[in-house]
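Notes to accompany the following structure.
FYI, it's all coordinate maths here, none of it is from the lab. Computed from a prediction, not measured in an experiment: that's the story for all the values here. Here the Cβ positions follow ideal geometry from the backbone for every residue, glycine too, while neighbour counts run over all protein chains shown.
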Amino acid sequence: MRHARPSLTLLAVALLAACQSQPVAESPSSASSSPGNADITANLAEAEASAAADAAATSATLDTVRVRQQAGARPRTEYGRPIPSAAAAPPPPAAMKMSAGYAALRSPGLVSSSEPANTERYAARDDNPVHRASEQPVSTFSIDVDTGSYSNVRRMLRDGVRPPADAVRAEEFINYFDYHHPAPANRDIPFRVTTELAAAPWNGKRQILMVGIKGYDVPKATLPPANLVFLIDTSGSMDSPDKLPLLKQAFAQLVPQLRAQDRVSVVVYAGSAGLVLPPTPGDRHDEILGALDRLQAGGSTNGGDGIRLAYAMAKQAFVKDGVNRVILATDGDFNVGTVDQGALETLVGDQRKSGIALTTLGFGQGNYNDAMAERLADVGDGNHAYIDTLQEARKVLVEEMQSTLLTIARDVKIQIEFNPAYVSEYRLIGYENRLLKREDFANDKVDAGDIGAGHEVTALYEITPAGSGADRLPPLRYGQAGSAAASRGVAGGEIAHLQLRYKPPGQETSRLIATPIRADALSQKPSEGFRFATAVAAYADLLRGGQHIDNWSWAQVLAAARGAEGSDRFGLRREFTGMVEQARQLATAQATDTPAIAAGE
């Protein structure tokens with residue numbers, strides 16, 4: 001959504017037409033002495049002159065953003081995240097303002113002809129199907145620690161928009177929260193795997209198997225040296241308060257955490273890529289902050305050239321046995337240069353093999369390319385997050401930064417074999433774009449997800465016990481009762497066998513962890529974390545159409561979540577219940593075809 005005044009918009013158009021201005025970089029003295037900075041030096045005088053006219057306006061915009069963020073009436077948590085009051089319900093749909101740029105999500109009769117078209121892109125996918133254990137007993141997937149889908153959907157709901165189904169990835173909703181899985185006793189094995197089995201809240205005849213992985217943690221002070229390249233989109237599409245201004249403030253929270261042994265580079269890309277800050281010691285905070293503060297938006301988006309320059313800087317300052325990572329911050333609107341996603345994935349994958357990872361941070365709305373941002377992070381052995389507020393920036397770039405930077409296990413894969421004697425059917429909740437072939441599990445050439453220090457990963461399976469009468473698939477004409485009976489005798493009470501493979505950092509041969517899951521592990525009193533995780537999974541399912549949770553309603557999901565809030569140190573669970581209420585009101589308005597949502601326009 002854009003907040004710029006009409007006069008500023010006209011000024012920006014005139015400036016672009018006159019000189020196709022480039023992003024403002026260093027001062028002439030520092031730019032001329034920086035390696036790889038020839039392009040910026042050549043255009044610096046013209047760029048600074050064209051930017052001077054709107055510098056004051058940008059400053060005013062930043063001030064306005066800061067005032068709005070500081071003037072919130074709701075109490076703040078330790079992260080600084082606003083928490084909805086338990087007594088105050090979210091505004092009714094009639095009071096919610098629709099985002100400009102979401103015209104494609106509204107019925108034609110409610111669309112204003114003056115609204116820009118929505119070009120946000122989400123990868124199409126289908127939910128995981130129900131599998132019959134006697135036909136396909138083995139399930140294999142790569143772990144995932146991304147959370148971008150959750151915060152992106154939160155942004156839409158705050159704008160009064162029900163998100164498109166493909167924007168909802170259940171595993172990223174589930175993994176947004178901490179379920180207090182137990183940590184490993186020591187670092188001999190970098191993480192601990194635990195399971196919990198209990199009845200499914202939406203159908204007592206079925207069960208939920210929760211698999212939890214917790215990595216060992218390390219103090220920030222003991223992190224190895226980090227070589228970071230901030231790759232920042234400064235194209236014209238970033239000229240909005242929720243994009244470049246928010247991005248600059250977000251990175252400004254990370255800078256004070258940097259140390260003398262760290263190295264930071266800043267690369268920007270718009271019509272062409274440029275080096276704003278060569279590799280610089282991390283304790284030069286003022287120098288790094290100054291480089292960020294001078295960035296301005298303008299031009300089209302040449303993301304491919306920017307990525308290449310960023311990797312060149314990462315190689316120049318490469319730290320052996322340290323952290324080497326490019327952090328790409330963008331709305332994802334790649335429209336010139338290397339735009340072919342396959343070519344970008346190949347580039348990122350090649351650099352991953354050389355020891356340089358890629359993290360992607362999404363910003364803004366209207367043209368956000370979620371599909372590309374998430375995929376590039378997957379290929380680059382990194383993680384993807386979406387920054388919708390300064391509070392989310394602090395969570396991602398400060399509180400969780402050691403998890404992002406220090407990888408303690410690579411190519412982590414999970415494989416579960418279900419015993420048909422005890423399990424009739426099963427369904428993996430989420431992870432649709434992380435599924436692996438059965439033979440990929442033991443193939444160390446196949447890439448998979450990584451776990452960082454202190455990371456938690458949670459996966460849920462819905463299983464149907466044999467003989468429960470809750471099967472979803474029609475019975476086969478020719479069953480396999482004989483083999484199932486034999487399996488019951490051999491397994492001796494095991495409902496499933498869990499295997500996990502991982503590679504220690506710097507090694508190319510995976511190690512195996514295996515553990516049985518027994519039928520007598522069924523809990524009659526599931527933990528608080530289990531109950532909240534299942535509520536989150538049900539919420540994601542409702543946002544995608546509610547096809548897998550029987551007749552469970554928004555009200556039941558809300559009640560389950562509220563009953564499992566617990567101590568909620570950072571207020572994230574209470575914020576979630578507010579999102580459930582918002583989504584329920586939007587869904588109700590949509591179901592009754594209420595045109596009142598447009599009243600906020």
With 0.36 nm assigned to each residue of separation and the Cα-Cα distance removed, Ile513 to Gln136 gains 133.5 nm
To the nearest 0.05, the calculated FRET efficiency linking Lys220 and Thr592 through their beta-carbon distance, R0 being 51 Å, is 0.50
Highest mean first, what order results for 310-316, 509-515 on Cβ atoms within 10 Å? 310-316, 509-515
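Rounded if a/c is under 1.5, else prolate if a/b beats b/c, else oblate: with a ≥ b ≥ c from the C-alpha gyration tensor eigenvalues square-rooted, which is the range 193-243?
It comes out oblate by the Cα gyration axes.
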Just subtract the alpha-carbon distance of Lys353 and Thr194 from 0.36 nm times their residue separation and send over the number in nm, one decimal. 54.2 nm
Could the peptides 582-590, 441-449, 161-169 be put in order, highest first, of the mean number of other beta-carbon atoms found within 10 Å of their residues? 161-169, 582-590, 441-449
Rounded to the nearest Å, the spacing of the alpha-carbon centers of the range 347-405 and the range 140-201 is 16
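Between Phe318 and Lys205, 0.36 nm times their residue separation minus their Cα-Cα distance comes to what? Could you put the intermediate results ahead of the total?
Details: separation 113, 0.36 × 113 = 40.68 nm, distance 5.49 nm.
The span from Phe318 to Lys205 would gain 35.2 nm if fully extended.
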Under a point-charge model restricted to the Cβ atoms of Lys and Arg (+1) and Asp and Glu (-1), what is the dipole moment magnitude of the range 118-248 relative to its Cα centre, in debye to the nearest 20? 260
J(HN,Hα) series, the range 577-584, from Karplus relation 6.51 cos²θ - 1.76 cosθ + 1.60, nearest Hz, glycine and proline x: 4, x, 5, 4, 5, 4, 5, 4
Between Ala183 and Asp520, the FRET efficiency computed from the C-beta separation at R0 = 30 Å comes out, to the nearest 0.05, as 0.70
